Amino acid sequence: MLKNLLWRLTPAALVLVFLSGCLGEENLTALDPKGEAAQWIYDNMILSLVIMTLVSVIVFAIFFIIVVKFRRKEGDDELPKQVHGNTAMEITWTVIPVLLLIILFIPTVTGTFEFHVDADPAEHEDAVYINVTGHQYWWQFDYEEGFTAGQEVYIPVGERVVFELNAEDVIHSFWVPALGGKIDNIPGVSNALWLQAEEPGVYLGKCAELCGPSHALMDFKVIALERDEYDQWVDDMLAVEAEETAANAEAGYEVFQENACINCHAIGGEGMATGPTLTNFGDRQKFAGVYDIDDDEELANWIRNPEELKQGNNMPPHDISDDDMEDLIAYLRSLQVRPADADY
Ligand code: HEC
Ligand SMILES: [Cu+2]
């Protein structure tokens, strides 16, 4: 009997184990909101949960009472009174759900209009406005100041930041669960939403629309800094130039040039953007969205054979000797704008 019960509970326990993943690392959770938009989603989630629980409890209570109370009694062989329809009850169970839906409808619609805004920088002159482009399988962030960041988007804390969402190839979806809702990045269409981080920190973002074999590896980070640190970061990003940064890793810069990496990876204002800009690659928390940034071997594997680490991505393989690779990686790591003593 007990064993039987345990067997029955196992699927439920497994579901709990999987769901506990939703509370995982690096703020990838909508259940611990860290900004106004996320808080609104959370509150609505709780509201609908409370309403659904109430409805379930009441409906099941009535159900069981009726099942028990109106059972056929022993020795009672008479046909019960036959009725057809009951107007009062029909009205009650139509009106109550309608009222409940109105209660859910009002905050949902007002919030949707508040957080999903027009994609037009002229309408958001007071806010930081960042143009986001989703690529298979990485993220590009263009700032109004005229520089580009890749994979990690820096924002000032406590301020509304408007993200304009576009896509280069297929549909992606921009989602930072701790900060707010998600909206699709659609080729040829510009959507926009705003997010605000209440606390400085690193918030994990995900592509939330199946976009190809490496969709699950299309992570990014939102890094929220105090306003003065943010301003400093913007200035530093603007000041980067490919050669200048190369000074302390000259040999690596040569390897970078010889292999024409710059054709796909801009540094500072120079170069193309077929791949993520490497302007501040040395500051990244991960490379290619998900891989350990401090792992030289993995980084070398990436440059030699990206397909192995991220199926279907658009970086070609490169045949580079061990010596050259060491220099190249030293150069990539030297691409930093973050001050050494920064605590972010
Ligand atoms: C044809 C274009 C192309 C060339 C050439 C190219 N890359 Fe890439 N690279 C990409 C693309 C696209 C990505 C993004 C892959 C992804 O994450 O899906 C990428 C990603 C990277 C990343 C990870 C960046 C990050 O922060 O996530 C590094 C590092 C990198 N490339 C280094 C190099 C180096 C070094 C070279 C030259 C030896 C090079 N790449 C040549 C297209 C290119
Ligand atoms: Cu995607």
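For segment 242-334, a simple Cβ point-charge model (Lys and Arg +1, Asp and Glu -1, everything else neutral) yields a dipole of about 580 debye relative to the Cα centre. A full extension of the chain between PHE70 and THR94 corresponds to an added length of 6.2 nm, given 0.36 nm per residue minus the alpha carbon distance. Once the chain from GLU199 to ASP319 is taken as fully extended at 0.36 nm per residue, the excess over their C-alpha distance is 38.8 nm.
Measuring nothing but alpha carbons in the chain and taking Rh as the Kirkwood radius, the Rg to Rh ratio lands at 1.15. For the residues THR94, THR274, THR112, a GNM of the chain with alpha-carbon springs under 10 Å puts the largest fluctuation on THR94.
In order along segment 282-288, phi translates into HN-Hα couplings of x, 8, 5, 8, 9, 10, 6 Hz, rounded to whole numbers, per the Karplus curve 6.51 cos²θ - 1.76 cosθ + 1.60 with θ = phi - 60° and x for Gly and Pro. Using a simple spin-label model with pseudo-atoms 7 Å out from Cα toward Cβ, THR112 and ARG304 lie 5.1 nm apart.
How much length is gained on full extension from TYR42 to GLU159, taking 0.36 nm per residue of separation minus their Cα-Cα distance?
Values: separation 117, 0.36 × 117 = 42.12 nm, distance 1.97 nm.
Full extension of this stretch gives 40.2 nm more.
Hydropathy first: keep DSSP H helices in the chain averaging at least 1.0 on Kyte-Doolittle, then drop any whose Cα extent along the axis falls short of 27 Å, and list what survives. What comes out of the filter, once short or polar helices are dropped, is 36-69, 87-115. Computed over the alpha carbons of segment 106-186, Rg followed by Dmax gives 12.9, 40 Å.
Each Cα pair under 8 Å and six or more residues apart adds its separation to the average, and for segment 242-334 the resulting relative contact order is 35 percent. Note on PHE147, PHE174, PHE163, PHE63: ascending count of other Cβ atoms within 10 Å places them as PHE63, PHE147, PHE163, PHE174, the fewest first. Lysine pairs in the chain with alpha-carbon atoms under 21 Å apart, 8 or more places apart or on different chains: how many are there? Taking the chain as the scope, the lysine pair count is 13.
Once the gyration tensor of the Cα atoms in segment 242-334 is diagonalised, the equivalent ellipsoid follows with semi-axes of 18, 15, 13 Å, ordered largest first.
Show me 302-310, 319-327 ranked by packing, highest mean number of other Cβ atoms within 10 Å first. Let's see the in-between values first.
Numbers: 302-310: 16.7, 319-327: 14.0.
Order by mean packing, descending: 302-310, 319-327.
Each of the peptides 117-123, 56-62, 284-290, 256-262 was scored by the mean count of other Cβ atoms within 10 Å over its residues; in descending order, highest first, they stand as 284-290, 256-262, 117-123, 56-62. What the Cα atoms of segment 41-152 give is an Rg and a Dmax of 27.1, 87 Å. Taking only the C-alpha atoms of segment 79-238, the Rg (one decimal) and the largest Cα-Cα distance, Dmax (whole number), read 22.0, 86 Å.
Can you give the % of DSSP beta bridges in the chain that are antiparallel, to the nearest 5?
On the way: 31 of 43 bridges.
Close to 70 percent.
Every read-out reported here was derived from the displayed coordinates using simple, explicitly stated rules and does not represent laboratory data. This structure is a prediction, so every number in the text was calculated from the model and none was measured. Cβ: placed from backbone, ideal geometry, glycine included. Neighbour counts: every protein chain shown.
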